[in-house]
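Below is one structure, written out as structure tokens; comments come after it.
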Amino acid sequence: MDTTDDAVLGGRLVLRQPKKGHRVGHDAILLAAATPARAGERAAEFGAGVGAAGLALAQRVAGLAVTLVEIDPALAALAAHNAARNGLADRVRAVAADVEDPAALMAAGLAPGAFDCVLMNPPFNESGRHAVSPDARRRLAHVAAPDLLRRWCASAAALLRPGGVLTLIWRADARDAVMAALAVDFGAAVVLPVYPRPDAAAIRLLVKVVKGAPSECREEPGLTLNDPSGRPSAATEAILRGGGTLALAAAA
């Protein structure tokens, strides 16, 4: 696998990632910025790839233990390399496992009810509605199998302690599907839309929910990635380069 070394968070993290296929983008850093966590807690990232979101979270929250869960062994190995390279291997580990397989998660040391937070950026493109990449790794990272979100949410609920928090990022045009998948096990939803520019519709939703909480939902003011001229907004720069957080990162 040909790889490149790329800096994110204004150089705070350096990530080795495949030269072709799925590459780290804004979504992973926004997800980390939206995830609430404290020192001494345990977090798991589902579909971690090379570990961008989980490592960004660990870099922000000293004393947080993070498990990066990735189905592709080659990407899981890169995630482990990235944890070590960034001086985080003492509290960040990567495992190759299918998040939909409870036995595989248990074998990898992810016990039910043992985690305080889960963060995930699942594949969310539908094969019938979106172009499918010929690259196998990119396709696996981007294209959702039917009912995938509900299954990932159920796996997250199984790992979380009562009152644990799940944070995810998804397509904004599928809000109803997101909320339906979460409603089974989670409540106290907080939603933050992400807009490409001030005059455009939202393209992403960041959602934070609490296991076992009452069913309710509120919306935070959205994040606009670019100003009218197409340049990154000050708020975006503060997160993507400055390592800042979003409102969802406040404690549940």
Just to be sure, is Leu15 at pLDDT 95 or above, in a helix (DSSP H, G or I), crowded, with 22+ Cβ neighbours inside 10 Å and not aromatic (Phe, Trp, Tyr)?
no
Test each condition in (1) out of contact with any strand residue (DSSP E or B) (no Cβ under 6 Å at 6 or more places or on another chain); (2) within 16 Å of Glu41 (Cα to Cα); (3) surrounded by fewer than 21 Cβ atoms within 10 Å (Cβ to Cβ) for Leu57 and report the one that comes out false.
(3)
Take the conditions surrounded by 18 or more Cβ atoms within 10 Å (Cβ to Cβ) and over 18 Å from the mean Cα position of the chain (by Cα) and apply them to Asn86. Does it pass?
yes
Out of curiosity, is Arg241 surrounded by fewer than 15 Cβ atoms within 10 Å (Cβ to Cβ) and among the charged types (D, E, K, R)?
no
Single residue of the range 29-46 satisfying the filter (surrounded by fewer than 24 Cβ atoms within 10 Å (Cβ to Cβ) and either among the aliphatic types (A, V, I, L, M) or within 11 Å of the chain's Cα centre (by Cα) (or both)) that is nearest to Glu237 (Cα to Cα)
Ile29
Under 6 Å between Cβ atoms, at least 6 apart or on separate chains: pull out the pairs that start in the range 92-106 with a residue that is surrounded by 15 or more Cβ atoms within 10 Å (Cβ to Cβ) and end on any residue that is assigned to a helix (DSSP H, G or I) and charged (D, E, K, R).
Glu100/Arg151
Which pairs have Cβ atoms under 7 Å, sit 6 or more apart or on different chains, and link a residue in the range 5-26 that is free of Cβ contacts under 8 Å to residues at least 40 places away in the same chain and of a type in the set (A, V, I, L, M) to one that is part of a loop (DSSP other than H, G, I, E, B) and surrounded by 20 or more Cβ atoms within 10 Å (Cβ to Cβ)?
Val24/Val50
Select the strands (runs of 3 or more DSSP E) contained entirely in the range 145-216, then report the ones holding at least 1 residues which are modelled with pLDDT under 95 and over 14 Å from the mean Cα position of the chain (by Cα).
none
Test result for Ala235, outside any loop (DSSP other than H, G, I, E, B), at pLDDT 95 or above, surrounded by fewer than 21 Cβ atoms within 10 Å (Cβ to Cβ) and over 18 Å from the mean Cα position of the chain (by Cα):
yes
Among Gly40, Gly21, which is over 24 Å from Pro193 (Cα atoms) and at pLDDT below 95?
Gly21
Within the range 96-105, residues farther than 20 Å from Glu41 by Cβ and either acidic (Asp, Glu) or outside any loop (DSSP other than H, G, I, E, B) (or both) come out as Ala96, Asp98, Glu100, Asp101, Pro102, Ala103, Ala104
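The values are calculated or read from the model by the stated rules, or taken from the named source; none is laboratory data. Only a predicted model underlies this, so the values are computations on that prediction, with no experimental measurement involved. Virtual Cβ from ideal backbone geometry, glycine too; neighbours counted across all protein chains shown.
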